[in-house]
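These notes concern the structure reproduced below.
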Amino acid sequence: MKPNIPHAGPTERTRAALRTAALACALAFLTSGCASAPAPRPPASPLLEAASGLFYLDPSKRERSQTDVLGSFVLLGALTDKYDRSGGCQSPECKRDFADALRTLGLAYSRLGLHRLSLRYYEMALANDADSAQSHADVAAEQLALGRDDAALESTAGALQRASDDAEIEHQAANVYLLTDRPQDAVRHAEACLRLTARARLAQYCATTLAVAKLRGGSDSLLLPLIEAKGWPGPLLLFVRGEIDEATLARLTTLATDPADRRERLSEALYYAGEVAFARNQPELALRYFRANQAMKVEGYWETMAARRRIVQLHGNSDEPEPEVPVNHVPLG
């Protein structure tokens, strides 16, 4: 019989190794984290992967907007010969040309992201023709971009009062109500747009807004499944209605032959993917989509402004807020 001598058997050695590993892991956790527990990775996204491989130095179509600014100032200068003694236009022709130049300036500055300048010129156009529904709608869009929601809602109401069966005005109103978190009003005006338009492209955009509004808490609509998705923006509508997945949407954005079109379509797809994630209470994922939309630097798109607003709403912006500086006219000479 072997003597009963205490010895370090396999169990004790295993326990000693576990104690050593536990101490090492605890030390690693206190310094940089335990290597055996990596941070969870965000879910894979075909759209975000497509956007990550792209980088743009300049906004799209920037040269066009700068040319519009210069051309508008030339036109305004030419109109000075038609001003009366009060310094304004009186003839219908002069008023029309003056308003057109101001609207072109407003649109160009809006595309460049200079929304305060844009609002100033749109307000001048509105003062020149207070009965124009489009001028009220233009002012509303810039007020919304600047976060002046109450003013934007008031201007939208003014546009709707002056519009006569105008599908474009109804579509913009639906988008304004969507971004100001009034999904039921968005549903109502998106449906009005669908009833008024026979244009397939506009109908698909209106239906896409309607689908997003439904996801955000608006009522269901009998019109939504009736809109046929064909061409662009059909894939956006199919995606928001849940009829195609994100991988399919990402692939369909690449079918455009023109690089600028592919860039714009990916930008739109990222925005609507963000809206879907936002509606599903996934704010962190929504922020990733909205930020990727901004990285596309697509100038002048409603979705570009809308994604920017959502980033602010989700507290994803690190810029210091700019103070509101009152207009100060300094005498010259």
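The values are calculated or read from the model by the stated rules, or taken from the named source; none is laboratory data. Because the structure is a prediction, the values reported are computed rather than measured. All Cβ positions, even for glycine, are placed from backbone atoms using ideal geometry, and neighbour counts span all protein chains on display. Ligands, DNA and RNA are stripped out before the accessible areas are found, and what is left, the full protein with its side chains, is counted by its heavy atoms. Shrake-Rupley method; radii C 1.70, N 1.55, O 1.52, S 1.80 Å.
Can you pull a Stokes-Einstein diffusion coefficient for region 138-257 at 10 °C (1.306 mPa s), Rh from Kirkwood over Cα pairs, as a whole number of µm²/s?
108 µm²/s
One-quarter of the Cα convex hull surface for region 72-193, in nm²?
Quarter of the Cα hull surface area: 7.7 nm².
How are the C-alpha pair distances of region 241-313 spread across 10 Å bins, as whole percents from the shortest bin up?
22, 52, 25, 1
Projected area of region 183-333, taken from the Cα convex hull and averaged over every viewing direction, in nm²?
One quarter of the hull surface, i.e. the mean projection, equals 12.8 nm².
Looking at region 269-308, what % of the alpha carbon pairs are farther apart than 15 Å?
Across region 269-308, Cα pairs with separations above 15 Å total 27 percent.
So how do Trp302, Trp232 rank on accessible area, 1.4 Å probe, biggest first, that is with the largest at the start?
Trp302, Trp232
Once the Cα gyration tensor of region 180-229 is found, what semi-axes does its equivalent ellipsoid get, as square roots of 5 times the eigenvalues, in whole Å, sorted largest first?
For region 180-229, the ellipsoid semi-axes come out as 17, 10, 9 Å.
Sorted by accessible area (1.4 Å probe), largest first, how do Ser118, Ser219, Ser164 line up?
Ranked list, largest accessible area first: Ser164, Ser219, Ser118.
With r defined as the distance between the Cβ atoms of Asp181 and Arg116 and R0 fixed at 22 Å, what FRET efficiency is calculated, to the nearest 0.05?
0.40
I need the phi-derived Karplus couplings for region 228-245: 6.51 cos²θ - 1.76 cosθ + 1.60, θ = phi - 60°, integer Hz, Gly and Pro marked x.
Once rounded to whole Hz, the list reads 6, 9, 8, x, 9, x, x, x, 5, 4, 4, 5, 5, 6, x, 9, 9, 8.
What figure in square angstrom, to the nearest 10, would you give for the accessible area of Phe98 with a 1.4 Å probe?
Taking all protein chains as shown, Phe98 has close to 40 Å².
So for the pair Leu314, Gln66, with labels modelled 7 Å out along Cα→Cβ, what separation do we get in nm?
Label at Leu314, label at Gln66, 3.2 nm between them.
To the nearest 10 square angstrom, how much accessible area does Ile227 have with a 1.4 angstrom probe?
In the full protein context, Ile227 sits at about 30 Å².
Can you tell me how much longer the chain between Asp245 and Ala151 gets when fully stretched, taken as 0.36 nm per residue apart minus their C-alpha distance, in nm with one decimal?
Gain in length upon complete extension: 30.1 nm.
Once both labels are modelled 7 Å past Cα along the beta-carbon direction, what's the Ser91-Arg195 spacing in nm?
Label-label distance for Ser91 and Arg195, simple model: 4.3 nm.
Percent of alpha carbon pairs in region 104-170 separated by more than 13 Å?
That fraction is 58 percent.
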